1. Whole-Å semi-axes of region 248-349's equivalent ellipsoid, largest first, each the root of 5 times a Cα gyration tensor eigenvalue?
2. Suppose a student asked you for the relative contact order of region 267-363, using Cα pairs under 8 Å spaced at least 6 residues apart; what percent would you report?
3. With a Förster radius of 56 Å, plug the Cβ-Cβ distance of residue 432 and residue 148 into 1/(1 + (r/R0)^6) and report the FRET value to the nearest 0.05.
4. Roughly how far apart, in whole Å, are the Cα centres of region 262-288 and region 377-436?
5. Modelled label-to-label distance, residue 141 and residue 399, 7 Å Cα→beta-carbon offset: nm?
6. Per 0.36 nm of contour for each residue apart, how much would the distance between residue 444 and residue 282 grow if the chain were fully extended, relative to their Cα-Cα spacing?
7. Can you tell me, using C-alpha contacts under 8 Å and at least 6 residues apart, the relative contact order of the chain as a whole percent?
8. Per-residue ellipticity at 222 nm for the chain, helices alone: DSSP H runs ≥ 4 residues times -39500 (n - 2.57), over residue total, nearest 500 deg cm²/dmol?
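Just so you know, all these numbers are worked out from the coordinates, no wet-lab data involved. These numbers were taken from a predicted model, which means no experiment stands behind them. Here the Cβ is made from the backbone with ideal geometry for all residues, glycine too, and neighbour counts use every protein chain on show.
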C-alpha cells in the first residue's frame, strides 16, 4: 500500500517540500488534523461516518445520512505564508470540505471488518472480541482471538503492519505495532485516552479524546478515526519522539496550564534542535516562525518563536484563537543533515486568560520581578512599602482592547490573602507577551519582612510570588 500525505505532514519551504515519515504511535498522543469540524473543539453538524475507505489518495466516508463523502488527502490549503497573510485563519488542519458527495446507501457495520492482503480482521462486537485470519479460508477457525482488552469493539483496520481496534465502550482505539500472533496479545498503545486504565469522556471535544470510534482506516502512515458521536474524523500520525503532556509551561509561572492568547510559553523538551538561535531583538521585526530548523505547529500553523536551543524552545501563542477551546500541537525539525523529525502531537486546551507572574529563583514561591512606581526593582535593599503602587510583570492575560492595550478580562490581586486594588492591567505597545499590572499594596500587612502576591483572572489563579516588605 502506498503512503499518502495529508496536509498535516507536508510543509512548503523556500527550498522545497519536506515530508515527514515517522516512527510509531504513542499512547495518549493527539490527532494532527480534524475533518468535518472547524476546530478540534467544535461540535457542529458534521460527518457521523460509519464506514471509511482509502483509495488512490482519497478518503471515502459513508455517513448516517446515506451520503458518501470524498476527501482529497493530498490537498494543501495554501502555503504557510499565505495562511498567515489571511485574517482570521487559526487552523490549517481543520474542516477539509469534501471534493464530492454521492447519495448512496451503505450498510452500517461494514467498518467492523478489515483486510490487508490475505489477512482478515473482524470486530465481533456481540462477543466483545476481535477475530483474525492469516491467509487461510474464512471457513477455518480464526488464527488469533483477542478478547481480554475489549468492552465494545466496533471497528478495525489493518495496514500491513499495525492492527487498530476501535473500542466504543472505553472511548479509545487500541494499537498493535505488529499483527498479534497469539490469543489475547495485549495492545502496544492506546489513542483517545491518556493510558490503558482510563475511560474518560470529555464534555468538550479535543484533539486527544474520542467518544465513539465508529470506523477506522489507515493509509500506512496516518490513522483516520471516525468519531461519529462528535461528527468528525480525526487523523492520528506517529511521531519520531514523544511530546510529554507537561512539556509546555507558562514562561512566567513555569506551570503547565490551559493556554491563553498571546501567552509566552516554554517548551521544556531537550533534543528538538541541534543548535541555538534567537529571534531578532528589533521591535519592528515580527517574530520568526522558524529558528534553527525548528517549527512549533499549533493546528498546523507555525507559532512565533523567541529562541530555540537543544534544551528548550521559547514561543508565543497567537493573539486570536478563533473561539476554539482545544487544539493540537507538535514540533517539526529540519536538521543540519536535511533529515526531518517530528514529535507526536499533543492535545492542548485554550482559555481566555490564565495569568503567570514572572519570578526568579529555584524554590516556590519564587521572588517576583516587581517594580516600584518610579521604575526601580523591588529588592531586599529597596523593599516595597504598604500602600505603595507596584508594577507586576506577567503573561497569559489574554486579549486586549483600546489604545492603551487594556486587557479584556478583569484582573484581581491579593497580598497575603488580603485584597489588593488593581489600578490597571495592560499590554504596552510593542511588548511581546509581557503585560504590566499595577497593584496598590494594602496598608495593613502586619510586621512582615516578606509577603506573597497572586493574580486572579478568568477564574484562574497565577503562581504565587514573594517580595520583601519594609
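1. Three semi-axes, in Å: 21, 16, 13.
2. Answer for region 267-363 is 25 percent.
3. 0.60
4. 25 Å
5. Once both label points are built, they end up 6.4 nm from each other.
6. The span from residue 444 to residue 282 would gain 54.0 nm if fully extended.
7. Reported relative contact order: 14 percent.
8. -500 deg cm²/dmol
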